[in-house]
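Below is one structure, written out as structure tokens; the observations come after it.
Coordinate-derived values only; no laboratory data. The structure displayed is predicted, hence computed values, not measured ones. FYI the Cβ positions are ideal-geometry reconstructions off the backbone, even for glycines, and counts take in every protein chain you see.
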Amino acid sequence: MAAANPVAASPKLLVRMRERLRLQHYALRTERAYLDWVEKFLRYHRRIAGVWKHPTELGAAGVEEFLTHLALHQRVAASTQNQALSALLYLYRQVLEQELPAIDALRAQRSKRLPVVLSVDEVRTLFQEIDTEQEPFPLMAALLYGTGMRLLECLRLRVKDVDFARSQLIVREGKGDKDRAVPLPAKLVPRLRRQIGHVEVVHAADVAAGQGAVWLPTALAEKYPQASRELQWQYLFPSKRLSEDPREPGTRRRHHIHENMLQKVVHRAVQASGLMKKASCHTLRHSFATHLLEAGYDIRTVQELLGHADVSTTMIYTHVLQRGACGVQSPLDRL
């Protein structure tokens, strides 16, 4: 008789994994991605074997086979395969309490691509189109280029993270769960003050309607139970609508603007500006780093501002400087 479906018939596995992830304060995106990979892992082996198998039956050999399948047949990127491996290791180590031996799977090759970088003039042209949009989208785009923040880091800014006195923004829980400070462009100070004023008006209306509590990480929510209703903890770029908190069904809160909205604004601006480069929100971060290096800032400073754990990650920007291929005179031009 075929084994029961461990996903449908025995939901305790995924429930236990979700509870463990939340106990350890993993991001909601990570939680969803990890659970999705576990389901794909189980369904892959169901398709191959013809029966459902529990992860304890599959072990390291099953993990290796699945990862090899991703690289060989699905042709996933190295980062995607690494995420799948991280999800499965978490399942075995944290949920099943089973240590796997070294995984010897065919690994996806990491592509070596130069980032798309805009020139200063191209950034100016792009912003002329973005500025035709309603606030706060022009302000958000300006912050991406002016600070080098990632898109989600910008969206997750709270009012308290804007430090006018020290002319800096504090990026909380960035990639790798690290905090860092980035420069606050002086040009954006008046617009940021107006945006905070807008947040204050929205928050006051929410409080008057019996709402006004924003999501806080579990540890902070327990330590400061009243903080979620304070202005300083509200998102700097709040959504226009209240929405249900996926972590707490039935609880409605005002979250930050969805990232797709700014991505669409930038995409429209790229098309309208006539730029021949495949630019996106992340291109503004690449341009920030490259332009700082062109201005003479040392690479360690740029590494710190970008939040890179390893300077080798930041080194990619040295390959797009004027001192690279663009700074070499072709022998044809000397004829």
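Report, ordered by chain and residue number, the aspartates and glutamates lying within cross-link reach of LYS112, taken as a straight Cα distance under 19 Å and ignoring same-chain residues fewer than 8 apart.
Candidates past the 8-residue exclusion: ASP310.
Cα gyration tensor of the range 12-95, axes a ≥ b ≥ c as square roots of the eigenvalues: rounded (a/c below 1.5), prolate (a/b > b/c) or oblate? Provide the component values of the computation, followed by the final result.
On the way: a/c = 2.08, a/b = 1.29, b/c = 1.61.
Oblate, because a/c is 1.5 or more while a/b does not exceed b/c.
Mean-square fluctuation check for the chain, GNM, Cα pairs under 10 Å: which of PRO183, PRO138, PRO249 is largest?
Evaluated over the chain, the most mobile residue of the options is PRO249.
Treating only the Cβ of Lys, Arg, Asp and Glu as charged (+1, +1, -1, -1), what charge dipole size does the chain show about its Cα centre? Round to the nearest 20 debye. Kindly include the intermediate steps, with their values, before the conclusion.
Working: 48 positive and 35 negative charges, 80 e Å.
Approximately 380 debye in magnitude.
Given the -39500 (n - 2.57) contribution per DSSP H run of 4+ residues, what per-residue ellipticity at 222 nm results for the chain, rounded to the nearest 500 deg cm²/dmol? Provide the component values of the computation, followed by the final result.
Values: 13 runs with 156 residues, N = 335.
The per-residue figure over the chain is -14500 deg cm²/dmol.
Can you tell me which lysines have their Cα less than 30 Å from the Cα of LYS160? Leave out same-chain residues fewer than eight positions away.
Reachable lysines: LYS175, LYS178, LYS187, LYS223, LYS240, LYS264.
With a ≥ b ≥ c taken as the square roots of the eigenvalues of the C-alpha gyration tensor of the range 246-302, please select rounded if a/c is under 1.5 and otherwise prolate if a/b is larger than b/c or oblate if it is not?
Working: a/c = 4.73, a/b = 1.58, b/c = 3.00.
Cα axes put the range 246-302 in the oblate bin.
Run through the range 221-321 and list the trypsin sites (Lys or Arg not before Pro) located in a DSSP loop whose Cβ has at most 14 other Cβ atoms within 10 Å. The partial results should precede the final answer.
Working: sites: LYS223, ARG229, LYS240, ARG241, ARG247, ARG252, ARG253, ARG254, LYS264, ARG268, LYS277, LYS278, ARG285, ARG300; in loops: LYS240, ARG241, ARG247, ARG254, LYS277, LYS278.
Of the trypsin sites (Lys or Arg not before Pro), the ones in loops of the range 221-321 whose Cβ has at most 14 other Cβ atoms within 10 Å are LYS240, ARG241, ARG247, LYS277, LYS278.
Considering only LEU106, VAL123, PHE164, whose Cα is most displaced toward the positive end of the charge dipole of the range 74-220, charges sitting on Cβ of Lys, Arg (+1) and Asp, Glu (-1)?
Toward the positive end, the furthest listed residue is LEU106.
Given a 10 angstrom Cα cut-off, can you work out which residue in LEU144, LEU126, LEU292 is the most mobile in a GNM of the chain?
Highest fluctuation among the options: LEU292.
Could you let me know the centre-to-centre spacing of the range 260-302 and the range 169-244, using Cα atoms, in angstrom?
The range 260-302 and the range 169-244 have Cα centres spaced 25 Å from each other.
I'd like the GluC sites (Glu not before Pro) in the range 33-105 restricted to DSSP loop residues with at most 11 other Cβ atoms within 10 Å, sorted by number. It would help to have the intermediate numbers written out before the result.
Values: sites: GLU39, GLU57, GLU64, GLU65, GLU97, GLU99; in loops: GLU97, GLU99.
Here the GluC sites (Glu not before Pro) that fit, given the DSSP loop and packing criteria, are GLU97, GLU99.
Full extension from ARG32 to ASP121: what is 0.36 nm times the residue separation minus their Cα-Cα distance, to one decimal in nm? If you can, show how the numbers build up before the last one.
Values: separation 89, 0.36 × 89 = 32.04 nm, distance 4.00 nm.
Once the chain is fully extended between ARG32 and ASP121, it gains 28.0 nm.
Name the most mobile residue of ALA165, ALA141, ALA71, meaning the one with the largest mean-square fluctuation, in a Gaussian network model of the chain with Cα contacts below 10 Å.
Top of the fluctuation ranking is ALA165.
Can you find, among SER239, HIS256, MET276, the residue farthest towards the positive end of the dipole of the range 205-298? Put +1 on the C-beta of Lys and Arg, -1 on that of Asp and Glu.
Farthest towards the positive end: MET276.
Students often get this wrong: which residues of the range 89-117 have the backbone nitrogen under 19 Å from the point 7 angstrom along Cα-to-C-beta of ALA77?
107-117
Once you list every other residue whose beta carbon is under 15 Å from the beta carbon of THR251, what net charge do they have if Lys and Arg are +1 and Asp and Glu are -1? Write out the running numbers ahead of the final one.
Working: positive: ARG22, ARG229, ARG241, ARG247, ARG252, ARG253, ARG254; negative: ASP206, GLU244, ASP245, GLU248.
Here the charged neighbours net out to +3.
Under 29 Å from the Cα of LYS12, which lysines turn up, not counting those fewer than eight places away in the same chain?
Within the straight-line cut-off, LYS12 pairs with LYS40, LYS53.
Considering only DSSP beta bridges with both partners in the chain, what is the antiparallel share in %, to the nearest 5? Each step should come with its number before you reach the end.
Numbers: 10 of 10 bridges.
Antiparallel: roughly 100 percent of the beta bridges in the chain.
Just in the range 119-171: which trypsin sites (Lys or Arg not before Pro) are loop by DSSP and have at most 11 other Cβ atoms within 10 Å? Don't skip to the answer; put the middle values down first.
Numbers: sites: ARG124, ARG150, ARG156, ARG158, LYS160, ARG166; in loops: ARG150, ARG156, ARG166.
Those satisfying the criteria are ARG166.
With label points built 7 Å along Cα→Cβ from the Cα atoms of ILE316 and ALA49, find their separation and express it in nm.
About 3.8 nm separates the two model spin labels.
Can you figure out the FRET efficiency of ARG247 with GLU135, using R₀ = 41 Å and their beta-carbon distance, to the nearest 0.05?
On the way: r = 29 Å, r/R0 = 0.72.
Efficiency computed from Cβ-Cβ geometry: 0.90.
Taking a ≥ b ≥ c as the square roots of the eigenvalues of the Cα gyration tensor of the chain, is the shape rounded (a/c under 1.5), prolate (a/b larger than b/c) or oblate?
Numbers: a/c = 2.21, a/b = 1.22, b/c = 1.81.
Oblate, since a/c reaches 1.5 and b/c is not below a/b.
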